[in-house]
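Have a look at the structure below before the remarks.
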Amino acid sequence: MIDLLVRDVRVRDEETGEVSAADLHVDGGRIVGVTPVADDPVEAGQVVEGGGAWATPSYVEPHVHLDAALTAGQPRWNRSGTLWEGIACWSERKPMLTREDVIERAERTLRWYAANGTLHVRSHVDVTDPSLVALDALLEVRDRVRDVIGLQLVAFPQEGICSFSGGEELLAEAARRGVDVIGAIPHFEDTREDGVRSVEYAVELADRHGLRVDAHCDEIDDEQSRFVEVLATRAARSGLRERVTASHTTAMGSYNPAYAHKLHRIIARSGINMVSNPMVSLHLQGRFDDYPKRRGITQVKELLAAGVNVAFGHDDVMDPWYPLGTANPLQVAHVGTHATQLLSRDEIEETFRMVTSRAAAVLGLGADEYGVRAGGPASFILLPATDGYDAVRRQVRPTHVVAHGRVVATTPPPVTTLMWPDREPSEVTFSPTGGPGA
Ligand code: 17E
Ligand code: FE2
C-alpha cells in the first residue's frame, strides 16, 4: 500500500508542455507513479480527490528577509518610505533581537509561505551584527522547518562589507557557521572603490567555501550606480556563473539605452540570475523624485528578451522596508505584471514561471528537488486553475499543499452566493477563460 494517492489531477509534461489527467502515486516522500485516472484506484494510506486541479510544482521564494519579518513599526514606523530610513529603523531594532524572537517571527512567516504553496525559500540574514544572533537563530530554523520548507540562507552585510567595522570578518564567520549563500551591498558602501572591493571579496569568499552569491546590487535610483557589471564579470571569471544572483538592481531602471544595451550582453554572457522585487521597489524607489517620478524597477522585460533568468521576489513581509505582505508569491507575480508591463497573454504566463521554475533556478534546485514527474519529489500544490495566466489573474489559492509526501495545508475554494435583486440567489464562480460567470 502506498502512502498517498492524489486522484484526478492535471499534470503538464515538462518537455512537451502537454497537459493530461492523471493520478499521482506517492510513497516515501517521492512520486512513484503518474498513471491515467483509474476508476478502481489503488490502496493508499490517504487519498486526496484532486477534482481536476492542476498539480504543479510549488512556488519558490527567491528573496526575503526573514530576520526582519513582522517587525514593522518596531521601534518606529518608516515614515519617509525610503530604503535608508528602513535601514535606520532596522539598526534600532537590531539590538533588541533575541534567538526566540527571530525564531518565532521567521517560523510564523514560513508557515504563511507554506499555506500559500511555497516550499522553497531563500532568506537573507543581516550579519553586520557582532552578536550574529539572527544568523544563529535562522540556522536553527533551517533545520526545524526542513520537513516542509527547504530554506537557503544568505549572509547579508546590511551595513556594508568594507564600510562596516569588522564587516569582512563577520561575513567570513557566517560562511564558517554554515550559510548557503554569500551576499553583498556595493551601492551602500562609502565609495565606488569599496563597492568594487566588496563584490570581489564576496565572490572570492563564496568560491573558497563552495557557496553561491546573491548580492543586493544597485538598489538605488542612481544611474551612476553600476555594480552589476562588476558582479557579472567576477561571476564569469570565477566560474561561479549561474551560482550568482544580482538582486533588486533598480538603478537599471535609470540607465541610458546605450549603456543598458552593453550591460544586457555582459549579464547574459555571465549566466547570472536576476531577482526583481516589484512590490518593494515600487514602494521604496522614486522617493527622491519630483514628477515625472521613476518606477525604480529593473529592466525585466529586456533581460528576459536577452535570455537572462529573471525571477520575482517578495523581499519583505511587514518589516521596516514594507508594511504589507502575506508571504504569497502569487501576489508578487500579480504586482510584477503591472510594474514591468508584462501583460500580454504569454507574458502573464511568464510571470507565473518567475515565481516558480525561474525562482527554482535561482536557488539552483535540481531535478531531484523540483518538478512533478514519476521519480520526482512529492512536493507540489493543487491549483484549481487552468494555467499560470488563470492563477495570476484570479489569485487562485492552492487547495492542497503536499511537502515530501505529506499534505501540509488545505484551503477550500471560496464560494460567494450572489443575491441579485429580482433573481434567484446563485453561486458566483469565476470561469477560467470568460471572467465572472454563473
Ligand atoms: N535591506 C536592503 O538593503 N534592501 C532591502 N530591500 C531590504 C533590506 C528589504
Ligand atoms: Fe532585499
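Against the condition hydrophobic (A, V, I, L, M, F, W, C), within 15 Å of ligand 1 (Cβ to nearest atom) and farther than 21 Å from residue 84 by Cα, how does residue 121 come out, does it pass? Yes; evaluated as a whole, the condition is true for this residue. For residue 365, the stated conditions do not hold, so it cannot be described as among the hydrophobic types (A, V, I, L, M, F, W, C), at pLDDT 95 or above, buried (at least 22 other Cβ atoms within 10 Å of the Cβ) and away from ligand 2 (no atom under 16 Å from the Cβ). Condition check for residue 134 on (1) touching a helix residue (DSSP H, G or I) at 6+ places or on another chain (Cβ under 8 Å); (2) assigned to a loop (DSSP other than H, G, I, E, B); (3) over 20 Å from residue 364 (Cβ atoms); (4) not acidic (Asp, Glu): one failure, at (2).
The combined condition, being of a type in the set (Lys, Arg), closer than 27 Å to residue 347 by Cβ and not in a loop (DSSP other than H, G, I, E, B), is fulfilled by residue 393. Quick one: which of 164, 156 is aromatic (Phe, Trp, Tyr) and within 16 Å of ligand 2 (Cβ to nearest atom)? Only one candidate passes the filter, namely 156. Within segment 313-324, the residues that satisfy the criterion of being out of contact with any Phe, Trp or Tyr (no Cβ under 9 Å at 6 or more places or on another chain) and either closer than 15 Å to residue 123 by Cα or more than 10 Å from ligand 1 (Cβ to nearest atom) (or both) are 313, 318, 324. Among the candidates 300, 335, 310, single out the residue that is closer than 17 Å to residue 122 by Cβ and not acidic (Asp, Glu). Result: 310 is the single residue among 300, 335, 310 that is closer than 17 Å to residue 122 by Cβ and not acidic (Asp, Glu).
When 331, 299, 341 are checked against the criterion of being modelled with pLDDT of 95 or more, away from ligand 2 (no atom under 16 Å from the Cβ) and surrounded by 22 or more Cβ atoms within 10 Å (Cβ to Cβ), 299 stands alone in meeting it. When each of 68, 55, 21 is tested for being at pLDDT 95 or above and part of a loop (DSSP other than H, G, I, E, B), the lone residue that passes is 68.
Against the numbered list (1) closer than 30 Å to residue 381 by Cα; (2) of a type outside the set (Lys, Arg); (3) away from ligand 2 (no atom under 16 Å from the Cβ), residue 62 comes up short only at (3).
Just one of 242, 229 is in contact with a Gly (Cβ under 8 Å, 6 or more places away or on another chain), touching a residue at least 24 places away in the same chain (Cβ under 8 Å) and more than 16 Å from ligand 1 (Cβ to nearest atom); which is it?
The match here is 242.
Yes or no, residue by residue, for (1) in contact (Cβ under 8 Å) with a residue 60 or more places away in the chain; (2) among the acidic types (Asp, Glu); (3) in a helix (DSSP H, G or I):
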{"residue": "262", "(1), (2), (3)": "no, no, yes"}
{"residue": "287", "(1), (2), (3)": "yes, no, no"}
{"residue": "295", "(1), (2), (3)": "no, no, no"}
{"residue": "298", "(1), (2), (3)": "no, no, no"}
{"residue": "301", "(1), (2), (3)": "no, no, yes"}
{"residue": "304", "(1), (2), (3)": "no, no, yes"}
{"residue": "325", "(1), (2), (3)": "no, no, no"}
{"residue": "330", "(1), (2), (3)": "yes, no, yes"}
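Just checking, does segment 81-100 include any residue being in contact with a Gly (Cβ under 8 Å, 6 or more places away or on another chain), buried (at least 23 other Cβ atoms within 10 Å of the Cβ) and either part of a loop (DSSP other than H, G, I, E, B) or aliphatic (A, V, I, L, M) (or both)? Within segment 81-100, not a single residue is in contact with a Gly (Cβ under 8 Å, 6 or more places away or on another chain), buried (at least 23 other Cβ atoms within 10 Å of the Cβ) and either part of a loop (DSSP other than H, G, I, E, B) or aliphatic (A, V, I, L, M) (or both). Restricting the search to segment 144-158, which residues are of a type outside the set (Gly, Ala, Ser) and either crowded, with 21+ Cβ neighbours inside 10 Å or touching a Gly at 6+ places or on another chain (Cβ under 7 Å) (or both)? Residues satisfying the conditions are 149, 151, 152, 153, 154, 156, 157, 158.
Checking the stated criteria, residue 81 turns out not to satisfy the condition of being farther than 21 Å from residue 279 by Cα and small (Gly, Ala, Ser). Here residue 347 passes the criteria (1) surrounded by 18 or more Cβ atoms within 10 Å (Cβ to Cβ); (2) over 22 Å from residue 126 (Cα atoms) except the one numbered (1). Here residue 155 clears all of (1) under 20 Å from the mean Cα position of the chain (by Cα); (2) within 16 Å of ligand 1 (Cβ to nearest atom); (3) in a helix (DSSP H, G or I) except the condition numbered (3).
The values are calculated or read from the model by the stated rules, or taken from the named source; none is laboratory data. Please read all numbers here as calculations on a predicted model, not as lab measurements. Neighbour counts are summed over all protein chains in view; Cβ atoms, including those assigned to glycine, are modelled from backbone coordinates with ideal geometry.
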